[in-house]
1. Check cross-link reach from K406 to the lysines: straight Cα distance under 20 Å, and skip same-chain residues fewer than eight apart.
2. Starting with the highest mean, order 409-415, 318-324 by the number of other Cβ atoms within 10 Å, averaged over the residues of each peptide.
3. List every DSSP H helix in the chain whose Cα atoms extend 15 Å or more along the helix's own long axis and whose mean Kyte-Doolittle hydropathy is at least -1.0.
4. Note the full-extension length gain between Y331 and H390 as 0.36 nm times their separation in residues minus their Cα-Cα distance, in nm to one decimal.
5. Using Cα pairs under 8 angstrom and six or more residues apart, how large is the relative contact order of the chain, in percent?
6. Please quote Rg/Rh for the chain to two decimal places, taking the Kirkwood radius as Rh and restricting both calculations to Cα atoms.
7. Less than 13 Å from a label point 7 Å out along the Cα-to-Cβ axis of K2: which backbone N atoms in segment 234-248 qualify, by residue?
8. Placing +1 at every Lys and Arg Cβ and -1 at every Asp and Glu Cβ, with all other atoms neutral, what dipole size does the chain have around its Cα centre, in debye to the nearest 20?
Amino acid sequence: MKRRAAITGIGAVSPNGIGREAFWSATREGRSGIRRIQSFDPSPYPVQIAGEIAGFEPERYIGEKDAAHVSRVVPLALAAAAEAIEDAGVDPARMPLEERRQVAVLLGSGGGGQEFVERQYELYRSGHLHQCSVYTIPSATMGTIASEISMRFGFRGFSHVISTGCTSSTDALGYAAQNIQWGNAEMVVAGGADAPIAPLILKGFTLMRIMTSSWNDDPPRGSRPFSADRDGFVLGEGSWMFVVEEFERARARGAHIYGELTGYASTCEAFHRVRLEESGEEPARAITLAMERSGIGPDEVDYVNLHGTSTVLNDRIETRALKRALGRRAYSVPTSALKSIIGHPQGACGAASVAATLLSMRDNVLPPTLNLDVPDPECDLDYVPHRARHAEIVHAVCNCIAFGSKNSALVVSRAAD
């Protein structure tokens, strides 16, 4: 019998709230975390807004000395992981060595330490080579981010970073569930973290003309998924982490189980570096495979948390993909786009969607899609516009689409006896 993957802990550091309940309270109430960029002067750029976390103090989670030698993504990941571990009722300090050897880390991150590398190059080019970090190479290496979590809590299982663009944390959670199911680990600390708000990264996205520059004077209205007047996404940052563990183990120790990861699938269109193929066939196939592996059909899907970037192409094709995957059910199942509230935290976005979905399942409340002001004939599904809605969720789909033609989907289910 296949082992089951339960989620027993959630941690969040989000643009609209630091901490799980702060994130969820703001999300269900539709309070935006999008604001004018404060970490550097954005006035030279056509895009001056982002889902930037206000009031986050990296030194609280990694210490002032170490904070200078790592990317911002590290304390973000540590803060969310610590909250998730505490929420799960786990005390790493009291775990025997053999038990800690069964705890793994799987972190999804699209950019990893890119903003840290950018800082080091700026020091070098400005003639301040002596100020560059002695840890420039290891801290710029993607895989060491997961090691920071392992080292902080003493976990001795495998410690990996999954970097597949926007699907990174969806894939990390999918692999976490598989490793639990296959018996490769008893517990996995998994999720996503990204910190891409830096001058050169902003410039790079601006050159691609996929970010909105229309709402610098009204940041909360900038991210407008599925609205006909959308013209690009809003960059975001954050970390959402989970404790994923074998179901019977969790139940035996009396842990609260938020839900189960019951189905995961990923496909590749093999089409283009950044564009999506118009038919939506491969995103639809990822959703269909995830449902099949979960053992459910379209009529059993109660809610879909969409990728919903607010770009003209993504929103149109994702809508088309959902219709292909769910058939007529697509028109009656409620969906929503979290990026309308927090912006697009790149590889961490899938984990953010799973956190919102699990908390929706707990409280029977669907988060809204903000700024859906102008109907788009090509985006004609139920996106839960403007305000939250009460509904019971048993099975939900969390969907992600990434650069490089990647598509990944998870089915999250209410824990059943």
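Since every read-out is calculated from the coordinates, none of them should be taken as a lab result. Not measured: the values here are computed from a predicted model. For neighbour counting, all protein chains shown are included, and Cβ atoms are generated from backbone atoms with ideal geometry for every residue, glycine included.
1. Correct list for K406: K323, K339.
2. 409-415, 318-324
3. 73-87, 168-182, 281-294, 312-326, 349-363
4. Extra length available between Y331 and H390 comes to 19.5 nm.
5. 24 percent
6. Result: Rg/Rh = 0.95.
7. none
8. With only Lys, Arg, Asp and Glu charged at Cβ, the dipole is about 320 debye.
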